[in-house]
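Reading through the structure tokens given below for one structure.
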Amino acid sequence: MSSDQSSVSSGSASDDAASQAESARATARKQLERAATELDLDRNAVERLRHPAKIQEVNVPVERDDGSVDVFTGYRAQHDSVRGPYKGGLRYSPHVTKEECVGLSMWMTWKCALMDLPFGGAKGGVRVNPKELSTDENERLTRRFAHELRNVIGPMQDIPAPDMGTDSQTMAWIMDAYSMENGETEPGVVTGKPEVIGGSPGRAAAPGRSVAIITREALDHYDQSLDSASIAIQGFGSVGGHAARLLDEWGASIVAISDVNGAVFDPSGLPVHEIPLHEDEPEAVAGFDGPTVSELSNEELLELDVDVVIPAAIGNVLTERNAGEVQADLIVEGANGPTTSVADGIFREREIPVIPDILANAGGVTVSYFEWLQDINRRSWSHERVNDELETEMLGAWDHVRSEVEERDVSWRTGAYVVALSRVAEAHRHRGLWP
Ligand code: GLU
């Protein structure tokens, strides 16, 4: 199985990150408080937004291939739906917790609002290592999980998508299970499906495409040309892999990439088109060799002396332990929540700009929105149209955030939160509190 958000989904880097991690919910709440202060936001609005509206917790029994039964715990956290149906990924990972789903669902609310999509925020997942499931076991788990969530998901209610450890096949099974139970084919219940059953062209590459677009714009903002930029990318999945290839096509030099087994580094630039993406051949990065290629750890990659570092694998990799050692001039967050709040403070002090996840990787949910539109209208778009509209949406969001950053003299994260939060808070103000 490939993964939507990560090709570094298990092993030492993630175990380490999980053991000393600040929970995603804690990080998300601190970021909310910071932006609320900047916006001088009403205390009551902040109080509502600190909590998810609903968390569905389910125990999913799965028959293993040997006939035994294991039970896995799954969640769907629905944070806020003031702007539209809940939207966000489902991840399969041994590190999934309720707190993580809540934090990630808050980020989805801000991400959708920042992109001005008519969606709220949700996130869910199952606490399971998908590498330890056969394809049949994975299918049984997914179909039963979809069944357990049947009352909380739906095309106008909550629309899941791929995330870490899940992919288009996972979405196809969920779509099928939901459709079978409802008695009608309902492609709009999930996004990130295979194209033949209502998926959108360009969806799989979209998170990486948006990371590449935002990196290009950020370099331009800091008067640096893409041609002379050296870039290190952690992760070679749907975010890191596609970002690496596009940035390479646009002239940048990708000097380091990594997967769960480690990183490869070539100061003269890696031939990223020759290295298989995680979705085509998992874990092919660390074995890649060449005359000037050397091996590094995932941690060392983040500390390389490059122009841009893009953490595009898992959360909590930039922490108080290594934030002082980062030598890049710019950080673009490809993964969700790669920077803890303490590390964020260190980067602010060190004046290293951090372009936040809710902007940089928002291409994924933006093309999910295009997919949902195609599904509910029963009309497909061309790949070219998807990419053109994604480019327009990303540039629009970038311009909004940049004006806030310049006008308020705040970090890129706070600027992005100000745009997102003001839209969510205004929607709440208009709709009011019922009863
Ligand atoms: N999992 C992706 C994200 O974190 C996409 C979510 C979606 O498309 O709904 O943004």
* Test: residue in the stretch 342-350 that is among the hydrophobic types (A, V, I, L, M, F, W, C) and near the ligand (Cβ under 9 Å from one of its atoms) -> no
* To do: Just give me the residues in the stretch 239-270 being under 19 Å from Asp280 (Cβ atoms), in a loop (DSSP other than H, G, I, E, B) and touching a Ser or Thr at 6+ places or on another chain (Cβ under 7 Å), in sequence order.
  => Val260
* Asked: closer than 19 Å to Leu39 by Cα, in a helix (DSSP H, G or I) and of a type in the set (Asp, Glu): does that describe Glu407?
  -> yes
* **Only listed residue being among the β-branched types (Val, Ile, Thr), modelled with pLDDT of 95 or more and buried (at least 21 other Cβ atoms within 10 Å of the Cβ), chosen from Thr185, Thr215, Thr135** => Thr215
* Looking at Ser230, Ser179, Ser268, which is the one that is closer than 25 Å to Glu139 by Cβ and away from the ligand (no atom under 16 Å from the Cβ)? -> Ser179
* Scan Asn298, Asn322, Asn336 and give me the residue that is touching a helix residue (DSSP H, G or I) at 6+ places or on another chain (Cβ under 8 Å), under 20 Å from Ala243 (Cα atoms), away from the ligand (no atom under 16 Å from the Cβ) and modelled with pLDDT of 95 or more. => Asn298
* **Among (1) at pLDDT 95 or above; (2) farther than 26 Å from Leu373 by Cα, the one test that Ser105 misses** => (2)
* Going through the stretch 320-339 one residue at a time, which ones are surrounded by 19 or more Cβ atoms within 10 Å (Cβ to Cβ) and either part of a strand (DSSP E or B) or polar (S, T, N, Q) (or both)? -> Leu330, Ile331, Val332, Asn336, Thr339
* To do: Pick out the one residue from Asp116, Asp65 that is within 22 Å of Val401 (Cα to Cα) and among the acidic types (Asp, Glu).
  => Asp116
* To do: Would you be able to say whether some residue in the stretch 285-300 is within 22 Å of the chain's Cα centre (by Cα) and either farther than 20 Å from Ser93 by Cβ or part of a strand (DSSP E or B) (or both)?
  => no
* Among the residues of the stretch 365-383, how many are in contact with a Leu (Cβ under 8 Å, 6 or more places away or on another chain), of a type outside the set (S, T, N, Q) and near the ligand (Cβ under 9 Å from one of its atoms)? -> 3
* Asked: Where residues in the stretch 60-85 are among the β-branched types (Val, Ile, Thr) and not in a loop (DSSP other than H, G, I, E, B), which of them is nearest to Leu49 (Cα to Cα)?
  -> Thr73
* Given (1) in contact (Cβ under 8 Å) with a residue 40 or more places away in the chain; (2) within 16 Å of the ligand (Cβ to nearest atom); (3) of a type outside the set (S, T, N, Q), number of the condition Gly84 does not satisfy -> (1)
* Asked: Right, Ile358: part of a helix (DSSP H, G or I), touching a residue at least 24 places away in the same chain (Cβ under 8 Å) and either in contact with a helix residue (DSSP H, G or I) (Cβ under 8 Å, 6 or more places away or on another chain) or within 15 Å of the ligand (Cβ to nearest atom) (or both) or not?
  -> yes
* Out of curiosity, is Ala205 crowded, with 24+ Cβ neighbours inside 10 Å and of a type in the set (A, V, I, L, M, F, W, C)? -> yes
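Condition check ((1) modelled with pLDDT of 95 or more; (2) within 22 Å of Met115 (Cβ to Cβ)) across all residues:
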| residue | (1), (2) |
| --- | --- |
| Ala21 | no, no |
| Ala26 | no, no |
| Val71 | yes, no |
| Ser81 | yes, yes |
* Residues satisfying the stated conditions in the stretch 112-132, i.e. more than 14 Å from the ligand (Cβ to nearest atom) and either surrounded by fewer than 23 Cβ atoms within 10 Å (Cβ to Cβ) or of a type outside the set (A, V, I, L, M, F, W, C) (or both) -> Asp116, Arg127, Asn129, Pro130, Lys131, Glu132
* Which of (1) assigned to a helix (DSSP H, G or I); (2) without any contact (Cβ under 8 Å) to a residue 40 or more places away in the chain does Val342 not meet, given it meets every other one? -> (2)
* Is there a residue in the stretch 105-114 that is out of contact with any helix residue (DSSP H, G or I) (no Cβ under 8 Å at 6 or more places or on another chain) and among the polar types (S, T, N, Q)? -> yes
* To do: Filter the stretch 164-205 down to the residues that are outside any helix (DSSP H, G or I) and among the hydrophobic types (A, V, I, L, M, F, W, C), then identify the one that is nearest to Tyr86 (Cα to Cα).
  => Val190
* To do: Consider only pairs whose beta carbons are under 8 Å apart and that are at least six residues apart or on different chains; among these, list those whose first residue lies in the stretch 263-287 and is on the phi > 0 side of the Ramachandran plot and whose second residue is at pLDDT 90 or above and assigned to a loop (DSSP other than H, G, I, E, B).
  => Glu283/Val260; Glu283/Asn261
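The values are calculated or read from the model by the stated rules, or taken from the named source; none is laboratory data. No experiment lies behind these values; they were computed from the predicted model shown. Neighbour counts are summed over all protein chains in view; Cβ atoms, including those assigned to glycine, are modelled from backbone coordinates with ideal geometry.
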